[in-house]
Amino acid sequence: MPEAVKAAIDDALTPATAFLGWFATLAVLYLGRRWFVRPGVAVFLLILSLSFLGASLGDRQFAAVALTPDAVAVWVMLYLLAFFTWLATAQAVQNDDRWTGLASEEASAAEQERSMAPVWPDLVASEIVCASVVLTLVLAWSLAVPAPLEQPANPALTPNPAKAPWYFLGVQEMLFWLGQPSRGVAALLLAVAALMALPYVDRGPATAGCYTIRPRRTVYLLFQSAFWLTVLLTVVGIFLRGADWGFFGPYRIRVP
């Protein structure tokens, strides 16, 4: 990747542009979801993202951060979340078509007939296969990628920055922005309470048991915004934080 491009990305990427760009991208994906759920478009975006990632790994600073064990876990999480969000959105778009009558009654009836299957053995067998595949992948990953364990804590040698494990980095980043631990605890409790309240907000009996978007826009957007905000905080914490918890571009040298 040209040095001028990397410098431009580092200069343009600030906390404000990162958050605004993240949610602007989510808004574009939501508004254009009927186009983005097409398999060809999804494959093109996947190839584009992998190409950009491969070109970025040629930078020594980017590779030093992106190939740590914690960062590898985040890369796997991001691509898995992107895939399953795409799959769920594609199915929700189809359900929206059925809901609004855009699909013909014959096609809907035939597809519904094909989609019906008994819990045993069809569903249980699929769950067993999925669990076995996931267990195998986790075991292979644990053997291939070493756990990021460090030396015992030494008060005379404090790491800079001191980062939590990747699955707590979103919370650490939120505590940084809120300023006080009490505010962070209160925000977490409010977030959990809000998620628990969503089923009571979405009380439409007509859409019960059917994953849709159009009949439940408010609840869908609230959940997706909160969920992807958590993902963004994790990404910022692991890839864009350096010495003294400063904000660094992905290609910028980080000197403690």
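Among the candidates Leu48, Leu29, Leu80, the residue that is of a type in the set (A, V, I, L, M, F, W, C), under 23 Å from Gly170 (Cβ atoms), surrounded by fewer than 15 Cβ atoms within 10 Å (Cβ to Cβ) and modelled with pLDDT of 90 or more is uniquely Leu80.
Scanning region 164-176 for residues that are within 10 Å of Arg241 (Cβ to Cβ) and buried (at least 18 other Cβ atoms within 10 Å of the Cβ) returns Leu169, Gln172, Glu173.
Taken over region 16-26, the criterion of being exposed (fewer than 12 other Cβ atoms within 10 Å of the Cβ) and not polar (S, T, N, Q) is satisfied by Ala16, Leu20, Ala24.
Checked against (1) free of Cβ contacts under 8 Å to residues at least 60 places away in the same chain; (2) open to solvent by 30 Å² or more (accessible area, probe 1.4 Å), Asp70 meets all criteria but (1). Among the residues making up region 56-66, a single one is open to solvent by 40 Å² or more (accessible area, probe 1.4 Å) and under 17 Å from Tyr79 (Cα atoms): Leu57. In the set (1) charged (D, E, K, R); (2) farther than 30 Å from Gly32 by Cβ; (3) open to solvent by 90 Å² or more (accessible area, probe 1.4 Å); (4) part of a helix (DSSP H, G or I), Glu150 fails one condition alone, (4). I'd like the residue in region 83-126 that is of a type in the set (Val, Ile, Thr) and at pLDDT below 75 and, out of all such residues, is least open to solvent (accessible area, probe 1.4 Å). Applying the filter and picking the extreme gives Thr100. Report, ordered by the first and then the second residue, all pairs with beta carbons closer than 6 Å, sequence separation of six or more or different chains, a first member in region 241-254 that is within 16 Å of Ala71 (Cβ to Cβ), and a second member that is in a loop (DSSP other than H, G, I, E, B) and open to solvent by 40 Å² or more (accessible area, probe 1.4 Å). Once the first residue is within 16 Å of Ala71 (Cβ to Cβ) and sits in region 241-254, its partners that are in a loop (DSSP other than H, G, I, E, B) and open to solvent by 40 Å² or more (accessible area, probe 1.4 Å) give Gly242/Arg254; Phe248/Arg254; Gly249/Leu13. Here Arg252 passes the criteria (1) within 20 Å of the chain's Cα centre (by Cα); (2) outside any helix (DSSP H, G or I) except the one numbered (1).
The values are calculated or read from the model by the stated rules, or taken from the named source; none is laboratory data. The shown structure was predicted, so the numbers you read here are calculated from the model rather than taken from an experiment. Reconstructed Cβ throughout: ideal geometry from the backbone, glycine too, with neighbour counts over all protein chains shown. Each accessible area value is taken on the protein alone, full model and side chains, heavy atoms only, with ligands, DNA and RNA left out. Shrake-Rupley method; radii C 1.70, N 1.55, O 1.52, S 1.80 Å.
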